[in-house]
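K.L.:
Submitted below is the structure of interest, expressed as structure tokens.
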Number of protein chains: 2
Amino acid sequence: MTSTPPTGEKQEFNRSGLESLLTRRFFISPAFDIYNGVAGLYDYGPNGCAIKANLINFWRQHFVLNEDMLEVDCTSVTPEQVLVASGHVAKFSDNMVRDEVSKQYLRADHLLEDHIKKLLKDPKNTKEKIAEYEHVLAKAGDYPLKQLQETLNKYAVKSPEGNPISEAKPFNLMFKTQIGPSEGSVGYLRPETAQGIFVNFAKLLEYNGSKLPFAAAQIGNAFRNEIAPRSGLLRVREFTMAEIEHFVNPLDKSHSKFSEVADQLVNLLSAEAQDGDKKIIVMTFGEAVKSGLINNETLAYFMARTQSFLHTIGIKPNHLRFRQHQANEMAHYASDCWDAEIRSSFGWVECVGHADRSCFDLTSHAKASKKPLEVFEPFKNNEKKVIDIIKVDVNRGVLGKTFKGSAGEVSEYLKTVGENHELAYNFQKDLEAKGSVVIAVNGNEYIITKDMVTFKQDKKTISGSTYVPHVIEPSFGLGRIIYSLLEHSYWTREGDANRGVLSLPPIIAPVKASVLPLVNNEKLLPFIQQINKSLKEQGISSKVDDTGVAIGRKYARTDEIGIPFAITIDFQTVDDQTVTLRERDTTKQIRIPITELSLTIKKLCDHLIYWSDVVAKYPAYEPQAESK
Amino acid sequence: MTSTPPTGEKQEFNRSGLESLLTRRFFISPAFDIYNGVAGLYDYGPNGCAIKANLINFWRQHFVLNEDMLEVDCTSVTPEQVLVASGHVAKFSDNMVRDEVSKQYLRADHLLEDHIKKLLKDPKNTKEKIAEYEHVLAKAGDYPLKQLQETLNKYAVKSPEGNPISEAKPFNLMFKTQIGPSEGSVGYLRPETAQGIFVNFAKLLEYNGSKLPFAAAQIGNAFRNEIAPRSGLLRVREFTMAEIEHFVNPLDKSHSKFSEVADQLVNLLSAEAQDGDKKIIVMTFGEAVKSGLINNETLAYFMARTQSFLHTIGIKPNHLRFRQHQANEMAHYASDCWDAEIRSSFGWVECVGHADRSCFDLTSHAKASKKPLEVFEPFKNNEKKVIDIIKVDVNRGVLGKTFKGSAGEVSEYLKTVGENHELAYNFQKDLEAKGSVVIAVNGNEYIITKDMVTFKQDKKTISGSTYVPHVIEPSFGLGRIIYSLLEHSYWTREGDANRGVLSLPPIIAPVKASVLPLVNNEKLLPFIQQINKSLKEQGISSKVDDTGVAIGRKYARTDEIGIPFAITIDFQTVDDQTVTLRERDTTKQIRIPITELSLTIKKLCDHLIYWSDVVAKYPAYEPQAESK
């Protein structure tokens, strides 16, 4: 991968240079490292923590405030029944094997992938073999357990140490705990923040005046007990998510503000292209919805808002794409999913998911909790409508004889068909055309024949419609975004590979301004206090460097942690109360009165004005060459 | 308790009125209530969540930014050895008993307290009995297990249902889990955020240029697996803390900014007064430090900063006091502790702890991790000093004969005495004076006699001093502060107990402005969009109420959730592009041009100007009486 410095030539991205910077300047560090650490747990130091806080603030502004979302803050500790209903207890797992000698657990699909990658390196591979390996590599992450085991067997995969491995078995990725002293009270740490929104749906709907559409949002920690975490910050056991659940009428997924984003261009990798030419399609969101590539306006609107969010924080547009889920990776209930993927030195990494999850979540919780999670939408102007309905009457005798103990659940199911006119209409048509219809109830199939049901045309007066909303879910992994952003921001000054710069936009930079006396002289010191105080009054974070090193070294130190603006106090300051202001990326300086300094920096940090505006307004200052 | 409305007469505080408001307008709600909830877990709805976010932002500004603290963000999942070292695995527990019939677990000290409270109600109690009961009531929460059991036996305490109870036993309050698939990897959810700071001490010190003093801060969730939570929001199992660890040289606990707070008055309840007249002493922080009541300047400085923080967010000064820990509740290593307690309808509740924890935490982690957690402070101007030292040589023969298997640990201890000149000097003096000295090593006592050690005067050249810093810890429970604040802010309009108002200061209010068309008329609607857009550009959250109800009803709705400013669009708006601006507490209105509206509200919300400034600047507007 190449870095693209804001000034100068492209350069090879240097991951170890960045990693050394992040550790040395305490952006991020393995947690509990004085105790030799725990894989997959990381702490944010002062610089990383400030970036994260800035990112969250901007996210709130860009999404919650701008879109009038209902933000909630729910608990991480979650009782078992909630996660049984959501499907996580049964299905939120990865498959693992155990090294039979070292007794280490390994993630089975990763082990298979690593093995296949090794096989691919053999120069004697035939074209067919290569195609076979590449196919396995593309699909291994989504193999069900049985297929995974068969494939491990087929290639006789061993552990990285060459030891035999156990059978693969699923490991649930939720951290399990006990709530209170009673042993029966099983709880888990939430694997995502979304469930907290779903279980609060009825209250949120009421809060919103019983009107749809509306979006709820949540920023908070989620936990995944990874089997054997690797890839540093990209696969961790505890991380901060920001999730949105936008509830819509299933029959109307248009979005009132779609026209504002329809002309934005976007890089799309469709499901089809992934099995074919793998080419990115560049088109507008408007075209993508019109052509049916993106399922609906609301989904596309959020993709566009995500894109502008990522661009503003400093993700490089050419390293951002949206990849559509293929059939084998998409949940059965989802109608369309697009991952915003960011390219880093680890390849393309999913950072924001966008899924149309249909009514799955609300239906599941309604069923398990026996509380209705649905919307009644009255007709406009208190209108009433008389509608055709089809009453479905079951023939209990025939049902009982045919299905015995299951007759009850079949009968129950057929009644619910009757409550939905469209369903009933189609069912009747099907049955009349084919003579029998197969239905699936609680995982069992039953053949319904004409003698079991009778249909009656009827009328009913209604004053509105009741439905279970569909939900469109943009889901952000903030840690992954931060790491990708750090990669995109990192470069080194021309001719000096040790002089790293983090070109973070002011809105994200951990510290906004550095306050630097040119030399350590008593006359300059009072200005440090004065300037610091006025910066704090504007809410601008600053860092003083009053050590004895040369000014060029001070600039290098502040460039390295991405401080966008450096204020230098020199002897002219004593004479005329002006200081120089230096912009990090260009290293250009201007001279500005202290009285105008804080407000100017504040506006720069809020992206209300840009550096070019400042250069146009104030006289340039030409320092001696920056010495190190 | 009485409420003190900003306008009008004092009134009785109505807890059920507030609770109904908080549920109805979705500030806070029992978590997972569609599944019948889990005791001690609460979710914040949109209004509560916004208050919490505002509180955190202001906390960051007031503490982290203003004091140049190093903020970190560490994981909640914590490996067992860290919490063994901190003492939590062994000691972080409450005692419980089980109702032998219902099998419910109960917190033993609460059960005892409830029983004693019942006994106290007997009108036939003698003076002596009353004194006895009150003494038990005051101390029950701090009884060690044995004394608690004896007292339960003495009073023959039964469960609330009148059933026999089991023996009391400790229950560890940490949520336990397993990290990864290996069963041996025990982890816990952190019971406080502080440990994350301690284990990162060496990196933070380096980040700070190896200089002391400095403070690190962390805002994040903590978890306590309460036995049987009650008292609603005041005792919960998952909550957000904001903690500061200020590291200082143990020989110098002065604070450079203490003079800024020395003249502030404070309500102090000393340890002594708690056993005596129970009177609050009102004095300045300067006097409290000078008289020795508060142990040192740094501790007092943070108490003062906490006080100004709480006053600014809206805690009533007369409902705030600082209570000093008594000997029986203070950890053995702590030198002084003061809890900021806020009075609510539940009584005085600890909301912010302030503890001088000495070097306990760093010493514990240094010992357990075998990593030095100390500071080397070079002398000024690269000075070197030749110091007297006392070398302690042990007589192995005598030690071995006397202490057998324990000789090793005694010898080790005596050597460490030699490393500390003051300790060695005193030890030598004592031994010579008394002939023997008793030492305690790992909980065992040994008598050291003269024949076991010889002392040698010596000299050593040093270039600085090495020490383990002491730490002063202000620790905020945000949920408790929020609940107390809601109680302090709640009152009802004169003559209408159903018309609740939350007088939250603008900086904390969940929504800053409401946008209200006087009536639903097409001519007024375009102004809603225009005003909303300009509010958003200033980052001001707003809420539109365009329902068909009367304007007075709209005001009541926004008063109830504490919106400080209401903008009303009327027919004059169409003519001259002005609107009325109404202040919540006084209900007074002024007329202001739309062009000046957003910036004015922004300044009001940042507390840069006050309502009185606005009233002075703009013409008053007298509406018809607010109708309901």
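The values are calculated or read from the model by the stated rules, or taken from the named source; none is laboratory data. All values reported here derive from a predicted model rather than from experimental measurement. All Cβ positions, even for glycine, are placed from backbone atoms using ideal geometry, and neighbour counts span all protein chains on display. Side chains are part of the model used for accessible areas, which takes the heavy atoms of the whole protein and leaves out ligands, DNA and RNA. Shrake-Rupley method; radii C 1.70, N 1.55, O 1.52, S 1.80 Å.
K.L.:
Sort A:481-488, A:540-547, B:460-467 for me by packing, meaning the mean count of neighbouring Cβ atoms within 10 Å per residue, highest on top.
P.N.:
Packing proxy ranking, top to bottom: A:481-488, A:540-547, B:460-467.
K.L.:
What residue of chain A sits with its beta carbon nearest the rotation axis taking A to B, and at what distance in whole Å?
P.N.:
Looking at chain A's Cβ atoms against the axis toward B, the nearest is A:T177, 2.
K.L.:
If you place +1 on the Cβ of every Lys and Arg and -1 on the Cβ of every Asp and Glu, how big does the dipole about the Cα centre of region A:93-172 come out, in debye to the nearest 20?
P.N.:
160 debye
K.L.:
What does the charge add up to near A:V186, with Lys and Arg as +1, Asp and Glu as -1, over the other residues with Cβ less than 11 Å from its Cβ?
P.N.:
Computed value for this residue: -1.
K.L.:
On to the next question. In whole Å, what are the Cα extents of region B:1-142 along the three principal axes, biggest one first?
P.N.:
That works out to 57, 57, 41 Å along the principal axes.
K.L.:
Right, next: What is the Cα centroid distance between region B:369-384 and region A:171-206, reported in whole angstrom?
P.N.:
Region B:369-384 and region A:171-206 have Cα centres spaced 47 Å from each other.
K.L.:
Find which of B:I51, B:A39, B:H88 sits farthest along the positive direction of the dipole of region B:1-116, computed with +1 on the beta-carbon of Lys and Arg, -1 on that of Asp and Glu, about the Cα centre.
P.N.:
B:I51
K.L.:
Mind checking which aspartates and glutamates have their Cα closer than 15 Å to the Cα of B:K253? Skip sequence neighbours fewer than 8 apart in that chain.
P.N.:
Cross-link targets: B:E245, B:E297, B:D336, B:D356, B:E473.
K.L.:
I've got another one for you. Give me the distance in nm between label points sitting 7 Å out from Cα along the Cα-to-Cβ direction at B:T416 and A:A497, one decimal.
P.N.:
With each label placed 7 Å out from Cα toward Cβ, I get 4.7 nm.
K.L.:
So what is the 222 nm mean residue ellipticity for chain B from helices alone, if each DSSP H run of at least 4 adds -39500 (n - 2.57) and you divide by all residues, rounding to the nearest 500 deg cm²/dmol?
P.N.:
Calculated mean residue ellipticity at 222 nm is -10000 deg cm²/dmol.
K.L.:
Fully extended, how many nm does the chain gain between A:Q264 and A:V282 (0.36 nm per residue separation, minus their Cα-Cα distance)?
P.N.:
Value of the extension gain: 5.5 nm.
K.L.:
Moving on to the next point. How much length, in nm to one decimal, is gained on full extension between A:K460 and A:E329, taken as 0.36 nm per residue of separation minus their Cα-Cα distance?
P.N.:
Computed gain between A:K460 and A:E329 is 42.9 nm.
K.L.:
Describe numerically, in nm with one decimal, the distance between label points set 7 Å from Cα along Cα→Cβ at B:A90 and at B:L525.
P.N.:
7.2 nm
K.L.:
What translational diffusion coefficient, in µm²/s and rounded to a whole number, does the Stokes-Einstein relation yield for region A:264-309 at 37 °C and a viscosity of 0.692 mPa s, taking the hydrodynamic radius as the Kirkwood radius over Cα pairs?
P.N.:
303 µm²/s
K.L.:
Over all residues in B:370-376, what is the mean tally of Cβ atoms on other chains that come within 10 Å of each residue's Cβ?
P.N.:
Taking the mean over all residues of the peptide, I get 1.
K.L.:
Local charge sum around A:Y467 (other residues, Cβ-Cβ under 14 Å, Lys/Arg +1, Asp/Glu -1)?
P.N.:
It works out to a net charge of -3.
K.L.:
What dipole magnitude, in Debye to the nearest 20, does chain B give about its Cα centre under +1 on Lys/Arg Cβ and -1 on Asp/Glu Cβ?
P.N.:
480 debye
K.L.:
Something else: Could you tell me the total accessible area buried at the A-B interface, probe 1.4 Å, in square angstrom to the nearest hundred?
P.N.:
6400 Å²
K.L.:
Which percent of the accessible heavy-atom area of the protein assembly as shown goes to carbon and sulfur, probe 1.4 angstrom?
P.N.:
C and S atoms contribute 51 percent here.
K.L.:
If I stretch the segment between A:Q274 and A:K385 completely, what's the gain in nm (0.36 nm per residue apart, minus their alpha carbon distance), one decimal?
P.N.:
Full-extension gain reported as 35.2 nm.
K.L.:
Based on Cβ point charges of +1 for Lys and Arg and -1 for Asp and Glu, what charge dipole magnitude is obtained for region A:385-462 about its Cα centre, in debye rounded to the nearest 20?
P.N.:
Approximately 220 debye in magnitude.
K.L.:
In nm², what is the average projected area of the convex hull enclosing the Cα atoms of region B:183-319?
P.N.:
12.6 nm²
K.L.:
Take the alpha carbon atoms of region B:263-330, find their center, do the same for region B:489-545, and report the distance between the two centers in whole angstrom.
P.N.:
38 Å
K.L.:
Using only the Cα atoms of region B:511-627, what semi-axes does the equivalent ellipsoid have when each is the square root of 5 times a gyration tensor eigenvalue? Give whole Å, largest first.
P.N.:
Taking √(5λ) for each eigenvalue gives 19, 16, 15 Å, largest first.
K.L.:
While we're on this one: Quick one: give the max-minus-min coordinate of the C-alpha atoms of region B:1-58 along each principal axis, largest first, in Å.
P.N.:
Rounded to whole Å, the extents work out to 42, 29, 18 Å.
K.L.:
Just order A:291-297, B:325-331 by mean Cβ neighbour count inside 10 Å, highest at the front, would you?
P.N.:
In decreasing order of mean packing, A:291-297, B:325-331 become A:291-297, B:325-331.
K.L.:
Roughly how far apart, in whole Å, are the Cα centres of region A:63-135 and region A:225-248?
P.N.:
That distance is 12 Å.
K.L.:
Assume the label is 7 Å from Cα along Cα to beta carbon: what separations in nm does B:K127 have to the matching positions in the other copies?
P.N.:
Distances between equivalent label points, in nm: 10.9.
K.L.:
Using a 1.4 Å probe, how large is the accessible area of B:E596, given in Å² and rounded to the nearest 10?
P.N.:
The accessible area of B:E596 comes to roughly 70 Å².
K.L.:
In terms of the ratio Rg/(2.2 N^0.38 Å) built on C-alpha atoms, what value belongs to region A:385-462?
P.N.:
1.10
K.L.:
Kindly flag which residue pairs out of A:K121/A:K158; A:K211/A:K257; A:K154/A:K278; B:K391/B:K434; B:K203/B:K415 have an alpha-carbon separation exceeding 22 Å in this structure.
P.N.:
A:K154/A:K278; B:K203/B:K415
K.L.:
Can you give the log10 of the normalised intensity I(q)/I(0) at q = 0.21 Å⁻¹, computed with Debye over equal Cα scatterers of region B:93-172?
P.N.:
Results for region B:93-172 at q = 0.21 Å⁻¹ read -0.92.
K.L.:
Could you tell me the largest-minus-smallest coordinate of the C-alpha atoms of region A:311-366 on each of the three principal axes, in descending order and whole angstroms?
P.N.:
41, 25, 15
K.L.:
Also: Other chains' Cβ within 10 Å of B:63-73 residues: what's the mean?
P.N.:
Other-chain Cβ atoms within 10 Å of each residue's Cβ, averaged: 5.
K.L.:
Taking a label point 7 Å out from Cα toward Cβ, give me the nm distances from A:K385 to the same spot in the other copies, shortest first, one decimal.
P.N.:
Those separations, rounded to one decimal, come out as 8.9 nm.
K.L.:
Normalized C-alpha radius of gyration of chain B, against 2.2 N^0.38 Å?
P.N.:
1.17
K.L.:
Can you flag which of A:K380/B:K512; B:K371/B:K459; B:K380/B:K460; A:K536/B:K588 are past 23 Å Cα-Cα?
P.N.:
Correct reply: A:K380/B:K512; B:K371/B:K459; A:K536/B:K588.
K.L.:
Here is a further query. Report the normalised scattering of the protein assembly as shown as log10 I(q)/I(0) at q = 0.05, 0.08, 0.09 Å⁻¹, calculated by the Debye formula with identical scatterers on the alpha carbons.
P.N.:
-0.43, -1.12, -1.42
K.L.:
Please give the average number of partner chain Cβ atoms lying within 10 Å of the Cβ of each residue in B:198-206, rounded to a whole number.
P.N.:
Average per residue, whole number: 4.
K.L.:
How far is it, in nm, from the label point at B:D613 to the one at A:K176 when both lie 7 Å from their Cα along the line to the Cβ?
P.N.:
Modelled inter-label distance: 5.9 nm.
K.L.:
I would also like to ask the following. Quick one: order A:V441, B:V519 from most to least accessible surface, probe 1.4 Å.
P.N.:
Correct descending sequence by accessible area is B:V519, A:V441.
K.L.:
For helix B:407-418, report the angle its Cα long axis makes with the longest principal axis of the Cα atoms of chain B; keep it between 0 and 90° and round to the nearest 10°.
P.N.:
Taking Cα atoms only, the helix is inclined about 70 degrees.
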